[in-house]
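Trainee: Got a structure here, written out as structure tokens. Questions coming.
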Amino acid sequence: MIRSLQQQWFSNLRPDLLAGIVVALALIPEAIAFSIIAGVDPKVGLYASFCICVITAFAGGRPGMISAATGAMALLMVTLVAEHGLQYLLAATLLTGLLQIVAGGFKLGELMRFVSRSVVTGFVNALAILIFMAQLPELTDVTWHVYAMTAAGLGIIYLFPYLPVIGRILPSPLVCIVVLTGVYLASGIDIRTVGDMGELPDTLPVFLWPEVPLNLETLRIIFPYSAMMAVVGLMESMMTSTIVDDLTDTPSDKNRECAGQGVANIGAGLLGGMAGCAMIGQSVINVKSGGRTRLSTLTAGVVLLIMVVFLSEWVSRIPMAALVAVMIMVSIGTFSWSSLRNLKQHPMSSNIVMLTTVAVVVATHNLAIGVFVGVLLAALFFANKVGRVLYIGSEMQPDGRTREYQVVGQVFFTSAERFVTAFDFKETLEYVRIDLRRAHFWDITAVGALDKVVIKFRREGTEVDVVGLNEASATLVDRFGVHDKPDAVEALMGGH
Amino acid sequence: MNQHVTACIDESHYAGAVCDAAAWASLRLDAPLTFIHAIDRTARPATADVSGQIGLGSREHLLEELAQLDEKRGKLAQEQGRLMLDAACERARTDGVAEPMSRQRNGELVETLVGIEDTIRLLVLGKRGETGAAAVDHLGSNLERVIRSLHCPILITPDTFTPPTRVLVAFDASDTARRMVKRIAASPIARGIEGHLVFVGEPSTHIERELEQARRQLAGVCASVTVEIVSGEVESTLRAYKQANDIEMLVMGAYGHSRVRQLLVGSTTTQMIRRARMPLLIMR
């Protein structure tokens, strides 16, 4: 207990603290930007980021992962905020947390195995595109100053790290923000700043119960939003934790992460923050900066709050162009560029799954729908592919009146049709033997197809003898399990 | 399953003593000797690039970078471990063990040991690991967890090991202690050694009866058995006794109380391990 505490908190002290600070600096512009997407004051996103970060540091299942207010969630709450206001958002945030805790209790984190790699890539790319698109309002109908500032910001972010010595010790997004704020204050040009977007936090967050009537009407309003946010939040969190697992080559507890996200959202809702989830870009920044344990996540949250509360005067003067530059960086860093390169090598079906996921998300602004469509499509492609693993051959016996059909492979809903058409009912025969010993009947459709074949033959006056039906339909039952004994697998795959 | 004397080797300066102790135990128990080296990757420090920016393909690059770094460190660790294991085997051969074996596993030491526990007859460990050489009163970071996680007897050595001739058996009349005495009596490890059976606490007829029974059991293997009842605080009393009687090895049961209690008041076992300047045989 003590040892694992030590391992999960203090095994990597200096890099963790440093990474936490770097992440906190990058979180500020994101939290502000996502609040603006959602249509609430920047302080809502900032309080949420602080709260979610700190709570997931303790309650989460993936040490070193960063969770805060995110774009994916912000996009889902736009209409709720526009139609019903902030208080309903806070209530919805509470409910989201509750649903996520329930999901953790039911171990729904394990459902992630149904999400194929192509869908994950599609999700990540769609997320990057959404983050980028969310920046566009800041870049339309503005003076050339804003474009110049944004371009300069991107230049600083990507070129500053190449400077000798200081390039490696100062986070370039911070340099970008400081320099652009300096330029703005010195030149006095009239462009939008964070202060123009709404209220910034001036105190530590305080406990407050959302001011909504506690009745079914409220529930009816917030439930659809909460359900969607719970799903999207969990999906992004699970995907991010997988990414962090891979990067650090350490395991995580997915179900604890689900519940942790839930607790964090409840905490955020009670402290006047919006719902959030894990962030792919920030988690990558954290790992890259050397963050590995829960301490880096906690540091990020605490530093974020300290900076925002005590520097709110200065934060309000940051020009929006600087934030846009940082967010474009996050979007570029989140996008999976290798997936474009891989389009040529990957099979068409997986490309279609990936691109469809992206397209649906971009069209609906809802990652849950995109992933749902992607998973469905992937399942269809898979069923279709496996359905092709079916061979039916036949041989006329020497007597000229008996034919033996050999069925090898998988018979289920996608291949049942092909199974039926493989038999030649026009041939006049006295006897037909159907050998199913090397076939597998996976569902009721397959059994129905066999019945159909038998009846069709009988109507022609042919006697049918089915061999090995019991072995073939062993796969029919739902709790079908091949135990990891080599002979059991052998029996299944190589004929019975 | 063949039961091995298993000795954990790392880079600390306890490795030599561990070899000697393991060889001694292996010869006495007539059990094969295996040296084990666990390559623990979690102990490696993370590299930090605090530029805080992510660009084209950052995620893929980062994975590649981290994997490369780990690969290099892993290869080095393997190489180093093999050298250590070879040296340990060599030393064990000079100590008289015919065929010492060695194996390397990836993962934390405790996990590794738990995984192979059913092949372990006696585990030999140094008091501290490679990361804790400097602090005198500080225990090896793995030691306590190993003792808690494993159920086999564990021999903990200080930085030099001399085959003991006088052994102190700390007896508290508990079930654990009775079982412990039974096991020693059944094992060749204490054969021909001078035994001291010590109870710390107030004497009573019950205790005397228990001690007498334990003495009779030990008399079967030990060259001689001295029984003593001393009163006082357990740890300091035992220490005084050890000094007075020139004891060279201590046998004791491990971690009797609940963990909550230990968190509050500390445990005698931990105290004993921390202060002992002699080999310690812990029975669970």
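The values are calculated or read from the model by the stated rules, or taken from the named source; none is laboratory data. Not measured: the values here are computed from a predicted model. Note that each Cβ is placed from the backbone with ideal geometry, even for glycine, and that neighbours are counted across all protein chains shown. The accessibility values were calculated without ligands, DNA or RNA, using every heavy atom of the protein model including side chains. Shrake-Rupley method; radii C 1.70, N 1.55, O 1.52, S 1.80 Å.
Trainee: I'm trying to understand the selection: among the residues of the range A:209-250, which are within 14 Å of another protein chain (Cβ to nearest Cβ), over 16 Å from the mean Cα position of the chain (by Cα) and either of a type in the set (A, V, I, L, M, F, W, C) or within 16 Å of residue A:57 (Cα to Cα) (or both)?
Mentor: Selection gives A:247 alone.
Trainee: Provide a single number: the residues in the range B:77-109 that are over 30 Å from residue A:250 (Cβ atoms) and crowded, with 17+ Cβ neighbours inside 10 Å.
Mentor: Number of matching residues: 6.
Trainee: For the range B:29-46, give me each residue that is more than 10 Å from chain A (Cβ to nearest Cβ) and among the charged types (D, E, K, R).
Mentor: Correct list: B:30, B:40.
Trainee: Here's something else I'd like to know. So which helices (runs of 4 or more DSSP H) stay within the range A:1-97 end to end and still have 1 or more residues that are crowded, with 24+ Cβ neighbours inside 10 Å, within 14 Å of chain B (Cβ to nearest Cβ) and under 25 Å from the mean Cα position of the chain (by Cα)?
Mentor: Values: elements: A:2-10, A:13-38, A:42-59, A:71-84.
Answer list for the range A:1-97: A:13-38.
Trainee: In the list A:301, A:400, which residue meets the criterion of being more than 14 Å from every other protein chain (Cβ to nearest Cβ) and under 18 Å from residue A:237 (Cα atoms)? Show your work before the answer.
Mentor: Working: A:400 fails: under 18 Å from residue A:237 (Cα atoms).
It is A:301.
To keep it simple, each residue is scored yes or no on (1) within 13 Å of another protein chain (Cβ to nearest Cβ); (2) touching a helix residue (DSSP H, G or I) at 6+ places or on another chain (Cβ under 9 Å); (3) surrounded by 14 or more Cβ atoms within 10 Å (Cβ to Cβ); (4) among the hydrophobic types (A, V, I, L, M, F, W, C).
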| site | (1), (2), (3), (4) |
| --- | --- |
| A:151 | no, yes, no, yes |
| A:165 | yes, no, no, yes |
| A:177 | yes, yes, yes, yes |
| A:191 | no, yes, yes, yes |
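Trainee: Name the residue that is most open to solvent (accessible area, probe 1.4 Å), counting only residues in the range A:336-360 that are at pLDDT 90 or above and assigned to a loop (DSSP other than H, G, I, E, B).
Mentor: A:344
Trainee: Another question, if that's okay. Say we look at the range A:289-322 and pick out the residues that are without any contact (Cβ under 8 Å) to a residue 24 or more places away in the chain and assigned to a helix (DSSP H, G or I); which of these is farthest from residue A:20 (Cα to Cα)?
Mentor: That would be A:313.
Trainee: Of the residues B:62, B:69, which single one is within 35 Å of the chain's Cα centre (by Cα) and under 28 Å from residue A:336 (Cα atoms)?
Mentor: B:69
Trainee: Output the helices (runs of 4 or more DSSP H) that fall wholly within the range B:161-252 and possess 1 or more residues being under 24 Å from residue B:14 (Cβ atoms) and among the charged types (D, E, K, R), or say none.
Mentor: Output list reads B:234-245.
Trainee: Hey, can you tell me all the residues within the range B:37-94 that are out of contact with any strand residue (DSSP E or B) (no Cβ under 8 Å at 6 or more places or on another chain), basic (Lys, Arg) and at pLDDT 75 or above?
Mentor: Selection gives B:59, B:72, B:73, B:75, B:91, B:93.
Trainee: Residue A:405: part of a strand (DSSP E or B) and without any contact (Cβ under 8 Å) to a residue 24 or more places away in the chain, yes or no? Even if it seems obvious, please write down each step before you answer.
Mentor: Values: part of a strand (DSSP E or B): yes; without any contact (Cβ under 8 Å) to a residue 24 or more places away in the chain: no.
When the stated conditions are applied, residue A:405 does not pass them.
Trainee: Just for the range A:361-391: of the residues that are open to solvent by less than 90 Å² (accessible area, probe 1.4 Å) and not in a helix (DSSP H, G or I), which one is farthest from residue A:113 (Cα to Cα)? I'd like the intermediate steps shown before the answer.
Mentor: Just the residues of the range A:361-391 that are open to solvent by less than 90 Å² (accessible area, probe 1.4 Å), to begin with: A:361-371, A:373-375, A:377-379, A:381, A:383-384, A:386-387, A:389-390.
Those still in the list that are not in a helix (DSSP H, G or I) too: A:365-366, A:389-390.
Numbers: A:365: 24, A:366: 21, A:389: 23, A:390: 26 Å.
Restricting to residues being open to solvent by less than 90 Å² (accessible area, probe 1.4 Å) and not in a helix (DSSP H, G or I), the top hit is A:390.
Trainee: Being closer than 30 Å to residue A:9 by Cβ, open to solvent by less than 60 Å² (accessible area, probe 1.4 Å) and more than 14 Å from every other protein chain (Cβ to nearest Cβ) narrows it down to one residue among B:49, B:10; which is it? Before the answer, list the steps.
Mentor: Values: B:49 fails: more than 14 Å from every other protein chain (Cβ to nearest Cβ).
It is B:10.
Trainee: Something else about it: From the list B:88, B:77, B:21, exactly one residue is in contact with a helix residue (DSSP H, G or I) (Cβ under 6 Å, 6 or more places away or on another chain), away from chain A (no Cβ under 14 Å) and part of a helix (DSSP H, G or I). Which is it? If you could, list the steps in order and put the result at the bottom.
Mentor: On the way: B:77 fails: in contact with a helix residue (DSSP H, G or I) (Cβ under 6 Å, 6 or more places away or on another chain); B:21 fails: in contact with a helix residue (DSSP H, G or I) (Cβ under 6 Å, 6 or more places away or on another chain).
Checking each option against the conditions leaves just B:88.
Trainee: Further, regarding this structure: Do we have residue A:321 as open to solvent by less than 10 Å² (accessible area, probe 1.4 Å), of a type in the set (Gly, Ala, Ser) and within 14 Å of chain B (Cβ to nearest Cβ) here? Explain how you work it out, then say what you get.
Mentor: Numbers: open to solvent by less than 10 Å² (accessible area, probe 1.4 Å): yes; of a type in the set (Gly, Ala, Ser): yes; within 14 Å of chain B (Cβ to nearest Cβ): no.
When the stated conditions are applied, residue A:321 does not pass them.
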